[in-house]
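To start, the structure under review is shown below, and the notes come after it.
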Amino acid sequence: MSKKYQFQLPFDVELDSYVKKTYPEIREFRTISKSLDARGAPRGKKPVYLYIIDALLSQDDEYPKAESVSKFKPLKNKPIIIGAGPGGLFCAVSLAEHGIPSIILERGDSANKRMLHIAKFWRYGELDPETNVCYGEGGAGLFSDGKLITRIKSDLVQYVMEKFVMFGAPADTAYVSNPHLGSNKIRGIINHISDWLRKENCDIRHNTKVIEILTKDGKAFGVKLQNGEELYSDHVVLATGHSAQDLYQHLADIKVQMKPKDFAVGVRVEHPRRYIDELQHGKFCEAPEMGSARYKLTWHDKWTDHGVYSFCMCPGGYVLSSGTEKDGIVVNGMSNYARNSPWSNAALVVSVKAEQDIAEKDIMAGLRFQHEIEQKAYALSKKHATGRELPAMTIKEFMTGKLTNKPLPVTSSPSGVFKADIREIFPDFIVQHLKKGLEEFNKDLPGFIYENGLLIAPETRTSAPLTILRDKETLISLSHKGLYPCGEGAGYAGGITSAAVDGVKCALSILKQEGLTN
């Protein structure tokens, strides 16, 4: 048997030495949890790490052994998984662990080749509508920092973290709070996942677009590809991500049950990294153990019932152009594993209530709402630049409503920025809530409204604006048997980890439908 210990240590005290000195009875230990508490750092209080360790005391003690995974014979028709993002890939991994290979269909290119397409887009504005920051192996998460932060409560979160370690993530991914892989490391991890799946007899097809879900009498039985080929299966997993607007329209056409859901839009805010580090870590900001500082800001307007909050915070990162259409601009953020760029950024977004803020009530109204903002941003870029650059203004200009003649600060964005009144892009309620939210954030984090802080627009793809309805137990579409809406694009996840967990849940449901598990 093992014994758990819980304690806190100053951030600059080495764990192994502390345990050996303080707990001489411990023969061996492993870290279960590690999280940083730096809330008092701006006031001079030394940050601490909170630890939970699992220790062996006697020579006879052992850690619990992992349960073996049951292996089954492959199904007559392999499950079809549409999308090779975290939801689709982890669905395939879980099935393959049980001996069930699948077919994974990805409209975009492989993780490595995606970089060639995206570099052209950032440098020259040449968008590939099928392979870009949102479409391709690894999904949108491949270029949004590799953060594994999640608020969901599920036993499968630990399974997902351990799998990331198995495929090449740093060992502390399994226990550190808010693990971060970085966009550079996660690309290699995705490659290892795909290589492993191929060894398990999975059929992975890149540059393969699904244009139709084959259905009959309320049941999905396969897919039709853009090249005319048809593939058949009793299980079709829909893990397309939140930007597959053409497939959403197809689902509406074949009457798959969906409903509008709330989402959020706003901007990217960018500060010098050192400035945020000082705001958050005070005099400890230069200590190498601290790393680049993070923040999380929220405010709720009780009168309008709208939230304003930071999202996808990227310390030491970059602001990226991440649109999927030639006439639209979208921004996102990322950082590499080292988090050492001179800037830090985060999305600042306002909740959009489907039933309150959007006049049209059809299922595609939220998508049109997003698209109209993206088109306005592109039109502004074409008017004042080339259509490639991103519209931006300083935080103070946004707050006063007046552009100055002062040049914009240097930015991290490889696409470049140009000065414009970004308020023109958004509905008035977004502008007003952002303004009030910034005022409140400046109270929580004094100095956040900073002379050289930038607002870059628009951040519109925070989540899908609709939910593909499914049974709570089986995860099967309410309208079409054999169809498994999965992950962020279906409305059941909000990031890499939660999408991966949802993919595993869909895999376990398939096994159960086949009578292979209870």
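Here, each number is a calculation from the coordinates, and none is a lab measurement. Because the structure is a prediction, the values reported are computed rather than measured. FYI the Cβ positions are ideal-geometry reconstructions off the backbone, even for glycines, and counts take in every protein chain you see.
With neighbours defined as other Cβ atoms within 10 Å of a residue's Cβ, the residues 63, 23, 135, 175 order from fewest to most as 63, 23, 175, 135. One Cα centroid belongs to the stretch 56-123, the other to the stretch 213-281; the line between them spans 18 Å.
Evaluate the Debye formula for the stretch 25-99 with equal point scatterers sitting on the alpha carbons, no solvent, and hand back log10 of I(q)/I(0) at q = 0.21 Å⁻¹, in q order, two decimals. Reported log10 I(q)/I(0), two decimals: -0.94. Based on Cα contacts under 8 Å between residues 6+ apart, the chain shows a relative contact order of 18 percent. Using all pairs of distinct alpha-carbon atoms, the Kirkwood hydrodynamic radius of the stretch 262-459 works out to 17.1 angstrom.
Across the alpha-carbon atoms of the stretch 3-56, the computed radius of gyration and Dmax are 12.2, 38 angstrom. When you filter the trypsin sites (Lys or Arg not before Pro) in the stretch 462-492 for DSSP loop state and at most 12 other Cβ atoms inside 10 Å of their Cβ, you are left with 472.
What is the Å³ per residue value for the convex hull set by the Cα atoms of the stretch 88-173?
On the way: hull volume 10.3 nm³, N = 86.
For the stretch 88-173, the hull spanned by Cα atoms encloses 119 Å³ per residue.
Annotation: extensible slack from residue 203 through residue 172 equals 8.0 nm (criterion: 0.36 nm per residue apart, minus Cα-Cα distance). Between residue 382 and residue 124, full extension at 0.36 nm per residue minus the direct alpha carbon distance yields a gain of 91.5 nm.
Using the Cβ of residue 107 as centre and a radius below 12 Å, the other residues enclosed give a net charge of -3, where K and R count +1 and D and E count -1.
Magnitude of the charge dipole for the chain, about its Cα centre and with charges confined to Cβ atoms of Lys, Arg (+1) and Asp, Glu (-1), is about 420 debye.
Per the Debye calculation on the stretch 70-124 with a single equal scatterer at every Cα and no solvent contribution, log₁₀ I(q)/I(0) for q = 0.21, 0.23 Å⁻¹ amounts to -0.78, -0.86. Sites listed here are trypsin sites (Lys or Arg not before Pro) in the stretch 71-143 whose DSSP assignment is loop and whose Cβ has at most 11 other Cβ atoms within 10 Å: 71, 76. Based on Cα atoms of the stretch 203-308, Rg over Rh with Rh as the Kirkwood radius reads 1.22.
Could you work out the equivalent-ellipsoid semi-axes for the chain, taking the square root of 5 times each eigenvalue of the Cα gyration tensor, largest first, in whole Å?
On the way: eigenvalues 252, 234, 76 Å².
Semi-axis lengths for the chain are 36, 34, 19 Å.
Once the other residues with Cβ under 15 Å from the Cβ of residue 200 are scored (Lys, Arg +1; Asp, Glu -1), what is the net sum? Surrounding charge for residue 200 is +3. Short to long, the 5 Å bins of the Cα pair-distance histogram for the stretch 344-472 hold 2, 9, 18, 21, 19, 14, 9, 5, 2, 1, 0, 0 percent of all pairs. Using only Cα coordinates, the Kirkwood hydrodynamic radius of the stretch 102-247 works out to 16.9 Å.
Of the GluC sites (Glu not before Pro) found in the stretch 45-107, the ones in coil according to DSSP and having at most 13 other Cβ atoms within 10 Å of their Cβ are 62, 67. Across all Cα pairs in the stretch 230-281, the calculated P(r) in 5 Å bins from zero up to the longest distance comes to 4, 10, 13, 17, 12, 7, 8, 8, 8, 7, 5, 1 percent per bin. For the stretch 276-384, taking Cα atoms only, Rg and Dmax work out to 17.7, 53 Å respectively.
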